[in-house]
Amino acid sequence: MSPLLLLILVVVAVFIIIISVLLLRRSEDDPLISRIDEYAAREEIASIEEIELSMPITDRVFVPIIRGMSEFLVRFTPQKTLESTTRMLELAGNPRNMRASEFLMIRVVSSILFAALTFMVMTRFGSALNKRLLFTLGTFVLGWFLPYMWLRAKVDRRKQAIIKKLPDALDLMTICVDAGMTFNGAMQKVDEKWDDPLAKEFGRAIYEMQLGKSRRQSLRDMANRMDVPDVTSFIAAILQAEQLGVGIGKILRIQADQMRVRRRQRAEEKAQQAPVKMMFPMVFLIFPSIFIVLLGPALFQILRSTAMQGVRG
């Protein structure tokens, strides 16, 4: 094996380890805090060294290395790119508690990994140099955009989950307020009953209020973190009702009715789009199969009769 291929294999192995550590981290919480809470629940006294040594080697060795590499990468990254990446991660629900620098590191690793694998495979099969460079450049660009596409899909799925759950959450909050609970108590009840992005955002807003942030600012920050028009209009109605002194229960009932109507309208819209979306798979997949099943035997009979006539002639 040539030294170049050996170097490429070593680089690919290192990048695979880095991606595995970043993407397959077992817990979304801070492992050090989890270990401290675990030892705090015990009666024996443990030192910080014992707590750190009890953590997995990936959290003790690889994660600090990756964070250092990501911080080095941040120095050469424009501030606007970091802000947009942070915003995308926030809209996605902060998957794996990932920071913008770590996500950019994943994009760089993915690009180099795809390019190295492509170059190695094409070198193994003896392709021309210009062809190798062209395909390597193409896979490099593909590797750069794949993590962004994954994050964009995660943002869309989270928004759809919030839109789908909002009418049910408003119905539950309406029942709670009519039963005598406060608005904050109704939000906390939603957080206790369900485990979805909307309920988690309600719980985070309640936690921020308990820490001293005003309800108006907490609700606005919650709407900004979700970036869903339905949630934004709901929060605006609640804040306006609070400012004008209108009953929260009446506003919640009106908002719940409106959200149910919007959900039904979205379902009807998707039902009307279904025939158009089904046309392409029917034309290119289903119809050719039907033609083969129906016309295949007739085609064989025509070929057989033509061959017999040729023999007779």
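The values are calculated or read from the model by the stated rules, or taken from the named source; none is laboratory data. Nothing here was measured: the structure is a model prediction, and the numbers come from that model. FYI the Cβ positions are ideal-geometry reconstructions off the backbone, even for glycines, and counts take in every protein chain you see.
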Q: Restricting attention to the range 107-135, report how many residues are aromatic (Phe, Trp, Tyr) and not in a helix (DSSP H, G or I).
A: 1
Q: Would you check if Val190 is under 18 Å from Leu91 (Cα atoms) and either at pLDDT below 90 or buried (at least 20 other Cβ atoms within 10 Å of the Cβ) (or both)?
A: no
Q.
Can you tell me which condition Ser305 does not meet? The list is (1) polar (S, T, N, Q); (2) surrounded by 10 or more Cβ atoms within 10 Å (Cβ to Cβ); (3) closer than 30 Å to Ile162 by Cα, and all the others hold.
A. (3)
Q.
If I filter the range 76-107 down to residues being at pLDDT below 85 and of a type in the set (Lys, Arg), which single residue comes out as surrounded by the fewest Cβ atoms within 10 Å (Cβ to Cβ)?
A. Arg96
**Q.** Residues being free of Cβ contacts under 8 Å to residues at least 12 places away in the same chain and under 21 Å from Arg264 (Cα atoms) - total across the range 212-232
**A.** 2
Q) Does Ala161 fit the bill of being under 15 Å from the mean Cα position of the chain (by Cα), of a type in the set (Gly, Ala, Ser) and surrounded by fewer than 18 Cβ atoms within 10 Å (Cβ to Cβ)? A) yes
Q: With respect to Pro288, determine if the residue is surrounded by 10 or more Cβ atoms within 10 Å (Cβ to Cβ) and over 30 Å from Glu83 (Cα atoms).
A: yes
Q) Which of the following residues is part of a helix (DSSP H, G or I) and surrounded by fewer than 11 Cβ atoms within 10 Å (Cβ to Cβ): Gln240, Gln258, Gln272? A) Gln272
Q) Can you find a residue in the range 129-148 that is of a type in the set (A, V, I, L, M) and either in contact (Cβ under 8 Å) with a residue 40 or more places away in the chain or assigned by TED's automatic domain parsing to the domain that holds Lys200 (or both)? A) no
